[in-house]
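Working notes, structure below.
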Ligand SMILES: [Zn+2]
């Protein structure tokens, strides 16, 4: 590769090249590979990032983003609007919209089901914000969760659903995989008899580009346990979902 395309990676310093000078993303990737871990766009990798490295990773993304703007032939030197865009985009990706890849799962207290609830509970609609893995275009939508607890189930506080949903959605996602990740997580946390999730979302890659269809919306659902076996329970959930998809 020609030196022209070399990225000045902040944090690398001016010392002689060596492994310590490798971009921090290389060090994190090496750890993931050693551990045999998958690091797809919607995987969480926080446990392979050491303290202080996220800051340096954000600087690396900003440096690489500057080269993307330059490749788009945007004059980031004199265009006051884009002078700071690389830094802003890096912060947005690493700390905000894709932050669910880099931070641990939010702490969620589970309560024993002391009153032995075994009635259908429905949570939602909870707003979901994500971006598609294919185009990095926003996905905006809503999700509903139905839980059928049993005596052994753990229960989680209402506000915790939103925090877990946000953690899963703040990654480049595919709606079908996002809803499956969410189901796996809630299943593991609560061990309910049944779990039902419905997600409805607008995909901006369909509206802004491609077919430019501003009315297309994708709805998908996952039914597990008693919701899968019991058609009446499934119907009850779908009819009681507040403000559900039409
Ligand atoms: Zn897309």
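The values are calculated or read from the model by the stated rules, or taken from the named source; none is laboratory data. Everything numeric here is computed off the predicted structure, so don't read it as measured data. Cβ sites come from the backbone with ideal geometry, for glycine too, and all protein chains shown count toward neighbours.
A few comments on the model shown:
- The condition of being over 21 Å from residue 102 (Cα atoms) and without any contact (Cβ under 8 Å) to a residue 40 or more places away in the chain holds for only one of 151, 176, that being 151.
- Residues that are touching a helix residue (DSSP H, G or I) at 6+ places or on another chain (Cβ under 7 Å) and surrounded by fewer than 19 Cβ atoms within 10 Å (Cβ to Cβ) were ranked within segment 138-155; the one that is modelled with the lowest pLDDT is 154.
- Hits in segment 230-246 - residues which are more than 22 Å from residue 128 (Cβ to Cβ) and either touching a residue at least 12 places away in the same chain (Cβ under 8 Å) or surrounded by 14 or more Cβ atoms within 10 Å (Cβ to Cβ) (or both): 230, 233, 236
- Residues of segment 138-175 satisfying the condition of being outside any strand (DSSP E or B) and closer than 19 Å to residue 207 by Cβ: 169, 174, 175
- In segment 91-98 there is at least one residue matching the filter, namely being away from the ligand (no atom under 16 Å from the Cβ), without any contact (Cβ under 8 Å) to a residue 12 or more places away in the chain and not assigned by TED's automatic domain parsing to the domain that holds residue 220.
- Any hit, segment 163-172, residues being in contact (Cβ under 8 Å) with a residue 12 or more places away in the chain and more than 25 Å from residue 39 (Cβ to Cβ): no
- Candidate set from segment 179-226 (those that are in a helix (DSSP H, G or I) and touching a helix residue (DSSP H, G or I) at 6+ places or on another chain (Cβ under 8 Å)); member that is farthest from the ligand (Cβ to nearest atom): 226
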